[in-house]
Amino acid sequence: MTCENWQPIFEDLVRGTKEGHFDYLEGDCPLEDTVDHICNETRFSVIQNFRCECGSRVEWGVCIRGTPLLKVHKH
C-alpha cells in the first residue's frame with residue numbers, strides 16, 4: 001500500500017465488510033469518519049482492524065506524515 005492508493009484499499013475493506021467478507025473489529029475512529037479525518041488532518045493517524053472470513057486479521061492504517069500500514073496477521 002502506498003500514499004497514492006490507501007483510499008481505494010480502505011474502500012475495498014469497507015465494501016468487503018458490507019458484503020460479509022470481513023468483520024470490522026475496532027479502530028481509532030468510526031469507519032465512516034476515517035477518510036475525513038485523514039483528508040482534513042484532524043487525526044495524526046488512523047488504524048482500523050478487520051477479520052477476514054478466512055480468520056486472518058487485517059490491520060490497515062494511515063499516518064498523515066508517514067508510510068501507510070497494511071498487514072495481514074494469519075490466524
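Take CYS63 and tell me if it is surrounded by 11 or more Cβ atoms within 10 Å (Cβ to Cβ) and out of contact with any helix residue (DSSP H, G or I) (no Cβ under 7 Å at 6 or more places or on another chain). In short, yes. Confirm whether THR17 is hydroxyl-bearing (Ser, Thr, Tyr) and modelled with pLDDT of 95 or more. In short, yes. Restricted to segment 28-50, and to residues there that are of a type in the set (A, V, I, L, M) and under 11 Å from the mean Cα position of the chain (by Cα), the residue that is farthest from HIS73 (Cα to Cα) is VAL35.
Here GLY20 fulfils each of the conditions (1) surrounded by 15 or more Cβ atoms within 10 Å (Cβ to Cβ); (2) over 21 Å from THR2 (Cβ atoms); (3) touching a residue at least 24 places away in the same chain (Cβ under 8 Å) apart from (1). Only residues that are over 13 Å from MET1 (Cβ atoms) and either surrounded by 15 or more Cβ atoms within 10 Å (Cβ to Cβ) or among the small types (Gly, Ala, Ser) (or both) were counted in segment 48-60, giving 7. Is at least one residue of segment 32-41 assigned to a strand (DSSP E or B) and either out of contact with any His (no Cβ under 9 Å at 6 or more places or on another chain) or of a type outside the set (D, E, K, R) (or both)? No, every residue in segment 32-41 fails to be assigned to a strand (DSSP E or B) and either out of contact with any His (no Cβ under 9 Å at 6 or more places or on another chain) or of a type outside the set (D, E, K, R) (or both).
The values are calculated or read from the model by the stated rules, or taken from the named source; none is laboratory data. Everything numeric in this text was worked out from a predicted model, so none of it was measured. Backbone-built Cβ (ideal geometry, glycine too); neighbour counts: all protein chains shown.
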